[in-house]
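Enquirer: If you scroll down you'll find the structure; I have some questions about it.
Coordinate-derived values only; no laboratory data. Predicted model only: the values in this text are computed from it and were never measured. FYI the Cβ positions are ideal-geometry reconstructions off the backbone, even for glycines, and counts take in every protein chain you see.
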Amino acid sequence: MDRREFLKTTQALLATIFGSSFFSIEELDAMETSENKPDLIWIHAMSCDGCSTSFLNAEISLVDILSRFVNIVFHPTVMAAEGKLSMEILKKYEDTQNDLIIVVEGAIPSKELPHACMMGEEFIRDTIVNTARKASLAIAAGTCASFLGICDMKGMHIDAVSLKKCLEEESVDTTVVNLPACPLKPNHLLYTLFYYIKNRKTPPIDLMHRPLRFFGNTVHERCVYYNDFQEKIFAKKIGDRGCLFKLGCQGPVTKCDCIKSGNDYDKYNCIKSGHPCVGCASENFPRNILFKHYDDERKLEKYKDFKRI
Amino acid sequence: MKLTIDPVTRIEGHLKVNVEIKNSKIVSAKCSADMYRGLEKALKGYDYLTAIQITQRTCGCCPYAQAEAAALAIEDALQIELNKNAKLLRNMVIGAYKLKDYLLHFYTLSSLDFININSILKYNGNDFKMLEFKKYVLKEISSKKVFPSPLFTQKYKNVYIKNSKFNLTLIKHYLENFEAMKKAAEMVKIFGAKAPHMTAIEAGGITTRPTADRLIKYINLAKDLKEFIYNKYFEDVLRVAKYFKEYFKIGKGVNNFLTFNTLQNLDGSYMFVAGFSKDFRFEEGVEPYEIIEYNNYAYYKENGGYKPLELDDLHPVDLEEFENSEKYTWSRAPRYKGHVVEVGPAAIVINTYLSGKNHKLNKIVNKINSELDISIKDYNSVMGRHLSRAIVSMMIIDKLIEDALNVDEGVLGFTQLKKPPSNVKGVGLTEATRGALAHFIDIGENGYIRNYEMVVPTTWNISPKDNRDIPGALESMLIGTHIKDENNPIEISRIIRSTDPCLACAVH
């Protein structure tokens, strides 16, 4: 592989993510030599690291992204620094004028229980608020940071808040882009980053701050079994032909592009693997029943009240 | 001198380590897990099958193991037998994920403790990726930016590998490893639907139908991955082990090792054996209800020692008590029959070796031991743990290919459960990437969970002191360690990372 070839593959990949040739090869080339790259700080709040792990699987490798398009300043899973030195990076950042993007993974502790997550002997909530204040774009990576996901279940004592809510509580007006899905889909993040790099503004988003490009349709609307649903052919058990609705499929109430995106990364998905959608990108995830027997008559309940997202 | 490392980066989650050094020796150590969610008790009132999807979300690095343990617990409660394809496919999903984790751990997370990344400047070959990387480093250095790329903020002086050719090989493999991990992730996705957080693992098997094209893809990827593991990963670990030979004596913890069964063979036996060894005397079989978790030093209002499923709720302490008590971590302190134990790949290798049940493993270990002039006792060390991961990886990849060839094409490896059960209990035991993992489920009326308990590998390893003030496994590894240069205490980082801590799991 040489340089030209590399730029070509990158361009092709971005074209599948954007649905059009968003960047010309010349633009990609110029981007790399530009001195004006935005900085990126990635912070783990109450997360499982799944979004970071998932991002390592991005089709454009992490090292390429790092060395060409954005300047990743802080990322706990890949950085060589540790302890005090890594915290100094965040401290030093408070005095610069660089263009900054903050990515937050995981839900954020409430004001009442801030000690539920700490980093560098500081409350992670404070670190996030201070960094986000300087940032021109805040990205909530994954379902927990966007809609709380598994960090907000009935019996929990933490009362965690989403990134958007946290910034509202602390009156920080940085725009938040929510990228739900558990784990984060690398393409969603690449899209948001590249859109920002090119236009210096957030991509078009819906009322829940999700990019319209990925969250305009439900999983159901694009499902391979949509015809079966129309014909009322329902699977009675896994492996049967037909729509998985009666097995507890959350596709009709979950907005995400799982089925639609046809590029390499997403060629596998839950429904193709025979399992009903568990609704991991939904604001109601997790419901009390995610997968059931077809004649099971227990009620699917929603618990979430949306006061904290 | 007191020293705090917070955050410990390049691990999974939030860890703080406090040590006290006197006369170049660590005299006390405290490991603090800094994140709490309270997942297991929040499962109460949810459907029993949600346990599989929700518990795997405790951890983005070893979700497969949580999913498997939850599925095993349900299968144990309902007395379900898996069919042939279900066993094989489940091995193929979790095995591939294990490999991805081992690679991630050695290259992405640990190798920066050994490689001198500046060696890249001496590169004069013609590999595209390496040249690009060199160009990038040169640019970074010449730009004199306030924020250098995180890859180059190496802190310690004079501790890295001095041989620049060796460094270059490792850097090359560090970069190649990203591709290898993607291959392993794709293997997981073929039958698991996505990675991390596979939906296809369910109680009863794997929901994906093993079609011929999926199988062929899987086997092809597995063969590529085998190449990488045998010729690059294993060789690199061996060379690093030779270079840092003194690390077979550093980071020795307690001599108690606990393992559970994993990767079932078709005849019902397992690849690695479950059991407990003390001072290198091995006893097969485990009694899961002999586990007790102590809370004296953990930030919970309940202070005692509790058996699995004994508590039906855990309450976090408030901010005032958090700041003014002896408690120092969110992690509880599990003990097996009263012993502090180490779990993980070193435990697998030691216990399986001592049992003598896996001849292939014993052969590999014997060969390495004579080459490096070490004994099985030296596996209880920093290098021993790295080496164990490489040995286990080689054995797993062989098994995956064998299993994939055994799958009956087109036959669904899944038995769907009928009515939701009432009033049953089950235990699921498995080996995760980081060691022995146990799930306990108590299903109440109509399929809803009454109580749930997870005892997770990293909880064993980074456990705080128990109620008798005996320090945990990682703490004991640190205590007594000789620090060569107090200004460059890299020994501490290397010991911590050798156990591959995963804090999201540990506290859950």
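Enquirer: Using the Cα gyration tensor of the stretch B:147-236, with a ≥ b ≥ c the square roots of its eigenvalues, what is the shape: rounded (a/c below 1.5), prolate (a/b larger than b/c) or oblate (neither)? Walk me through the numbers before you get to the answer.
Expert: Details: a/c = 3.63, a/b = 2.12, b/c = 1.72.
Taking the square roots of the gyration eigenvalues as a ≥ b ≥ c, the stretch B:147-236 is prolate.
Enquirer: Next question, about the same structure. Classify chain A from the C-alpha gyration tensor, please: rounded if a/c falls under 1.5, else prolate or oblate depending on whether a/b exceeds b/c.
Expert: Numbers: a/c = 2.26, a/b = 1.28, b/c = 1.77.
Oblate shape, in that a/c is at least 1.5 and b/c is the bigger or equal ratio.
Enquirer: State whether the protein assembly as shown is rounded, prolate or oblate according to the following rule on the C-alpha gyration tensor (a ≥ b ≥ c being the square roots of its eigenvalues): a/c under 1.5 gives rounded; otherwise a/b larger than b/c gives prolate, and the remaining case gives oblate. Let's see the in-between values first.
Expert: Details: a/c = 1.22, a/b = 1.03, b/c = 1.19.
Rounded.
Enquirer: So what does log10 I(q)/I(0) come out to for the stretch A:217-303 at q = 0.18, 0.26 Å⁻¹, using the Debye formula with one equal point on every Cα and no solvent?
Expert: Debye intensities relative to I(0), on a log10 scale: -0.75, -1.42.
Enquirer: Between A:Val103 and residues 5 or more places away or on another chain, which pairs have amide H atoms under 5 Å apart, with H built 1.01 Å from N, and which residues are they?
Expert: HN-HN under 5 Å from A:Val103: A:Ile41, A:Trp42, A:Ile43, A:Ile139.
Enquirer: Convert each backbone phi in the stretch B:358-375 into a coupling constant with the Karplus relation 6.51 cos²θ - 1.76 cosθ + 1.60 (shift: θ = phi - 60°), then list the ³J(HN,Hα) values in order as whole Hz, x for Gly and Pro.
Expert: Each residue of the stretch B:358-375 in turn: 10, 5, 4, 4, 4, 5, 4, 4, 4, 4, 4, 4, 6, 5, 9, 6, 10, 10 Hz.
Enquirer: Grab the DSSP H runs of the protein assembly as shown that are 4 residues or longer, score each as -39,500 (n - 2.57), total them, divide by all residues and round the 222 nm result to the nearest 500 deg cm²/dmol. Walk me through the intermediate numbers first.
Expert: Values: 27 runs with 294 residues, N = 817.
Here the helix-only value at 222 nm equals -11000 deg cm²/dmol.
Enquirer: Can you give the relative contact order of chain A as a percent, counting alpha carbon pairs under 8 Å and 6+ residues apart?
Expert: On the way: 529 pairs, mean separation 46.8, N = 309.
Computed over chain A, the figure is 15 percent.
Enquirer: Ok, one more. Exposure proxy check: A:Lys134, A:Lys111 ranked by fewest other beta carbons within 10 Å? Mind showing how you got there, number by number?
Expert: Working: A:Lys134 19, A:Lys111 13.
Least crowded to most crowded, the residues run A:Lys111, A:Lys134.
Enquirer: What's the local net charge at B:Cys502, with K and R +1, D and E -1, over the other residues with C-beta under 10 Å away? List each step's numbers first, then the result.
Expert: On the way: positive: B:Arg434; negative: A:Asp49, B:Glu12, B:Asp101, B:Asp500.
Taking every other residue near B:Cys502 into account, the sum is -3.
Enquirer: Would you mind getting me the FRET efficiency between B:Leu121 and B:Lys337? Use the beta-carbon distance for r and R0 = 60 Å, nearest 0.05.
Expert: Values: r = 54 Å, r/R0 = 0.90.
Step by step, r from the Cβ atoms, then E = 0.65.
Enquirer: Hey, what do the phi angles of the stretch A:191-197 turn into as Karplus ³J(HN,Hα) couplings, whole Hz, using 6.51/-1.76/1.60 and θ = phi - 60°, x for Gly and Pro?
Expert: 4, 4, 5, 5, 4, 5, 4
Enquirer: Measure nothing but the geometry: give the 0 to 90° angle between the long axis through the Cα atoms of A:124-134 and the longest principal axis through the Cα atoms of chain A, rounded to 10°.
Expert: So the helix axis and the longest Cα principal axis differ by about 60 degrees.
Enquirer: Can you work out ³J(HN,Hα) from phi for every residue in the stretch B:478-490, in order, using Karplus 6.51 cos²θ - 1.76 cosθ + 1.60 and θ = phi - 60°, giving whole Hz and x for Gly and Pro?
Expert: 6, 5, x, 6, 7, 9, 5, 9, 5, 7, 10, x, 5
Enquirer: Is there a quick way to get the dipole size of the protein assembly as shown? I mean about its Cα centre, with the Cβ of Lys and Arg at +1 and of Asp and Glu at -1; what is the value in debye to the nearest 20? Show your work: numbers first, answer last.
Expert: On the way: 107 positive and 102 negative charges, 283 e Å.
Rounded to the nearest 20 debye, it is 1360 debye.
Enquirer: Which residue fluctuates the most in chain A, going by a Gaussian network model with Cα springs under 10 Å, if the choices are A:Ala116, A:Ala15, A:Ala80?
Expert: Result: A:Ala80 has the largest fluctuation of those listed.
Enquirer: Let me ask something additional. Residue farthest toward the positive end of the dipole of the protein assembly as shown, with Cβ of Lys/Arg at +1 and Asp/Glu at -1: which of B:Ile229, A:Ala140, A:Thr254?
Expert: B:Ile229
Enquirer: May I pose another question? Of the listed peptides A:99-108, B:262-271, what is their order by residue-averaged count of other C-beta atoms within 10 Å, with the highest listed first? Please list the in-between numbers first.
Expert: Details: A:99-108: 27.6, B:262-271: 15.3.
Taking the mean over residues of other Cβ atoms within 10 Å, the ranking is A:99-108, B:262-271.
Enquirer: Amide H neighbours of B:Lys194 under 5 Å, at least 5 residues apart or on other chains, H built in the peptide plane: list them.
Expert: Answer set, sorted by chain and number: B:Thr199, B:Ala200.
Enquirer: If you don't mind, another one. When DSSP beta bridges are limited to those with both residues in the protein assembly as shown, what percentage is antiparallel, rounded to the nearest 5?
Expert: Values: 57 of 79 bridges.
Antiparallel bridges make up about 70 percent of those DSSP assigns within the protein assembly as shown.
Enquirer: Under 20 Å from a point placed 7 Å out from the Cα of B:Ile479 along the Cα-to-Cβ direction: which residues of the stretch B:32-46 have their backbone N that close?
Expert: B:32-33
Enquirer: Over the stretch A:36-214, what is the relative contact order in percent, taking alpha-carbon pairs closer than 8 angstrom and at least six residues apart?
Expert: Contact order relative to length: 24 percent.
Enquirer: For the stretch A:36-214, what is the convex hull volume of its Cα atoms per residue in Å³? Present the calculation step by step, with values, prior to reporting the outcome.
Expert: Numbers: hull volume 20.4 nm³, N = 179.
Each residue corresponds to 114 Å³ of Cα convex hull volume.
Enquirer: Further, regarding this structure: Placing unit charges on C-beta atoms (Lys and Arg positive, Asp and Glu negative, everything else neutral), compute the dipole magnitude of the stretch A:217-303 about its Cα centre in debye, rounded to 20.
Expert: On the way: 15 positive and 12 negative charges, 29 e Å.
Result for the stretch A:217-303 is approximately 140 debye, rounded to the nearest 20.
Enquirer: Hey, got a sec? Which GluC sites (Glu not before Pro) in the stretch B:330-433 land in a DSSP loop and have at most 14 other Cβ atoms within 10 Å? Each step should come with its number before you reach the end.
Expert: Working: sites: B:Glu342, B:Glu371, B:Glu402, B:Glu409, B:Glu431; in loops: B:Glu409.
Answer in residue order: B:Glu409.
Enquirer: While we're here: Order these by the 10 Å Cβ neighbour count, fewest first: B:Thr211, B:Thr50.
Expert: Numbers: B:Thr211 12, B:Thr50 23.
Fewest-to-most Cβ neighbours within 10 Å comes out as B:Thr211, B:Thr50.
Enquirer: Another question, then. Would you kindly compute the Cα radius of gyration of the stretch B:360-463 and its largest Cα-Cα separation (Dmax), both in Å?
Expert: Both quantities, over Cα of the stretch B:360-463: 20.0, 59 Å.
Enquirer: To the nearest 20 Debye, how big is the dipole of the stretch A:120-263 about its Cα centre, given +1 on the beta carbon of each Lys and Arg and -1 on that of each Asp and Glu? Walk me through the numbers on the way to the answer.
Expert: Details: 20 positive and 15 negative charges, 135 e Å.
Roughly 640 debye for the stretch A:120-263.
Enquirer: Within 10 Å of each residue's Cβ, count the other Cβ atoms and sort B:Asp408, A:Asp240, A:Asp305, B:Asp101 from fewest upward. If you can, show how the numbers build up before the last one.
Expert: On the way: B:Asp408 12, A:Asp240 17, A:Asp305 8, B:Asp101 26.
Neighbour counts put them in this order, fewest first: A:Asp305, B:Asp408, A:Asp240, B:Asp101.
Enquirer: Of A:Leu189, A:Leu56, A:Leu40, which has the largest mean-square fluctuation in a 10 Å C-alpha GNM of chain A?
Expert: A:Leu56
Enquirer: OK, next. Loop only by DSSP, 16 or fewer other Cβ within 10 Å of the Cβ. Give me the chymotrypsin sites (Phe, Trp or Tyr not before Pro) in the stretch B:11-65 that pass, ordered by residue number. Write out the running numbers ahead of the final one.
Expert: Working: sites: B:Tyr36, B:Tyr46, B:Tyr48, B:Tyr64; in loops: B:Tyr36, B:Tyr46, B:Tyr48.
Filter output for the stretch B:11-65: empty list.
Enquirer: Report the net charge of residues surrounding B:Asp267, where surrounding means a beta-carbon distance below 12 angstrom and charges are Lys +1, Arg +1, Asp -1, Glu -1.
Expert: Values: positive: B:Lys84, B:Lys87; negative: none.
Net charge around B:Asp267: +2.
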